[in-house]
Amino acid sequence: MSEKLQKVLARAGKGSRREMESFISQGRVSVDGKTAFLGDRVEGTEQIRVDGHLVALQSKDKDICRVLMYNKPEGEMCTRKDPEGRPTVFDRLPKLENGRWIAVGRLDINTQGMLLFTTDGELANRLMHPSRKVEREYAVRVFGEVDDAMLQRLRNGVKLEDGPAKFNKITYRGGEGRNHWFHVVLTEGRNREVRRLWESQDVQVSRLIRVRYGDIQLQRQLPLGGWVELGIKDVNYYRKLVQLPPETQSKVKVDEKAIDNAKNRRIRRSVKKHHMRQQQSNRRRRN
């Protein structure tokens, strides 16, 4: 049975379906030596190339959907390579024999917290798409005067430069003076949307942490800069959430799912070693 070309490329780990549609439109994809066009379908036996590089196609039956939870620190870029040499969220992820890790959305350089990665481009695309209304929850510390009228405006919706936006839920979590902590929930991931919503009310965001994606929360024991692979139960939660068939296999053993103290220490040591190597590399670059 034939499938849409962008879907086959996404399953091969070349990017999200939306990214692959863009690649095809730009003429960067060929099928059996001929430039591909949006709407093309393939059987899976063709020679498909992206930017001249042959794509190792993944069988629907053999491909295992994998999902990582990463605790992003501030200062990391959500890009594969940064021209200024700054650290990226991809630097410490485990290597793959086939395909590549695809980030489910982005967090800006000054935002930390839960970031998902998957090998399944279709899953990434659906989890990101605003039509799916997948909840994202953030812990946010704001500086400034906040009153009930302001919170109601943020719940009802305000007009930003790229259209109306709102928080689906706002919960006060305490604070002192002009610094206050809130948890906010929204169902789309526009660029800097949380910050821009607060700034529309003349309130400055001084700290921003994503703590939940869907119903799965950031694991408290997961150190900054550390990652953990989700077991099949959580993978299938995300797949069911966006109407994809369940996965039947997992790379994660049942007894590996929990982050115990020993695993926590191993992750922290690994993160520390990575930061030391990065600092040495930056010093060499400056010299």
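The values are calculated or read from the model by the stated rules, or taken from the named source; none is laboratory data. These numbers come from a predicted model, not from an experiment. Backbone-built Cβ (ideal geometry, glycine too); neighbour counts: all protein chains shown. To get the accessible areas, we keep the full protein, side chains included, count just its heavy atoms, and leave off ligands, DNA and RNA. Shrake-Rupley method; radii C 1.70, N 1.55, O 1.52, S 1.80 Å.
Miscellaneous remarks
- Using the Cβ-Cβ distance between residue 171 and residue 54 with R0 = 51 Å, the FRET efficiency computed as 1/(1 + (r/R0)^6) comes to roughly 0.50.
- Note on region 156-189 and region 69-130: Cα centroid distance 24 Å, given to the nearest whole angstrom.
- Remark on region 109-179: hydrodynamic radius 15.1 angstrom, per the Kirkwood mean of 1/r across alpha carbon pairs.
- Distance between the modelled labels on residue 81 and residue 269, one decimal in nanometres: 3.2 nm (7 Å Cα→Cβ projection).
- Overall Cα dimensions of the chain - principal axes, largest extent first, Å: 65, 46, 44
- Only DSSP H runs of four or more residues enter the estimate; each adds -39500 (n - 2.57), and after division by the residues of the chain the mean residue ellipticity at 222 nm equals -8000 deg cm²/dmol.
- Protection proxy ranking, highest mean first, for peptides 31-40, 196-205, 132-141: 132-141, 196-205, 31-40, where packing is the per-residue count of other beta-carbon atoms within 10 Å, averaged.
- Extension gain from residue 153 to residue 204, taking 0.36 nm per residue of separation minus the Cα-Cα distance: 16.7 nm
- As a size descriptor, the averaged projected area of the C-alpha convex hull of region 137-274 was calculated at 11.1 nm².
- Using a probe of 1.4 angstrom and keeping all protein chains present, the accessible surface of region 1-85 works out to 56 square angstrom per residue.
- These residues, 215, 82, go from largest to smallest accessible area, 1.4 Å probe, as 215, 82.
- For region 138-201, the share of accessible area belonging to carbon and sulfur comes to 45 percent (1.4 Å probe, ligands and nucleic acids excluded).
- When the residues 114, 1 are ordered by accessible surface, computed with a 1.4 Å probe over the protein chains alone, the sequence from largest down reads 1, 114.
- ³J(HN,Hα), Karplus 6.51/-1.76/1.60, whole Hz, each residue of region 208-219, x for Gly, Pro: 9, 9, 7, 10, 7, 9, x, 9, 9, 9, 4, 5
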